Amino acid sequence: MSEESRCFACEIKRHLIEVAPIVDGYDLRSFKCPRCGSMMRLVVPRTVERIDRIA
Ligand SMILES: [Zn+2]
């Protein structure tokens, strides 16, 4: 699931540091690599993950 958030330079998983709603049903997720600090932003549909957290 988190393959997109991997840092290509360090080949480790970036940490999810922020989730911000942008439009209905979509979130902007900001990922940061803990080693080199490179940032990546992804627009993702609001997921089951979030429903799990509520339930
Ligand atoms: Zn990195």
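Here, each number is a calculation from the coordinates, and none is a lab measurement. In this text, all values refer to a predicted model and were calculated from it rather than measured experimentally.
Quick one: which residues, 5 or more positions from residue 46 or on another chain, have an amide H under 5 Å from its amide H? H modelled 1.01 Å from N in the peptide plane, none for Pro or chain starts.
Amide H neighbours of residue 46, under 5 Å, 5+ apart: 26, 27.
Per residue of the range 14-22, in order, report the coupling 6.51 cos²θ - 1.76 cosθ + 1.60 (Karplus, θ = phi - 60°) as ³J(HN,Hα) in whole Hz, putting x for Gly and Pro.
Along the range 14-22, the couplings run 6, 8, 6, 10, 7, 10, 10, x, 10 Hz.
Residue separation times 0.36 nm, minus the C-alpha to C-alpha distance between residue 43 and residue 22: what's the value? All intermediate terms of the calculation are to be shown ahead of the outcome.
Working: separation 21, 0.36 × 21 = 7.56 nm, distance 0.85 nm.
Full-extension gain reported as 6.7 nm.
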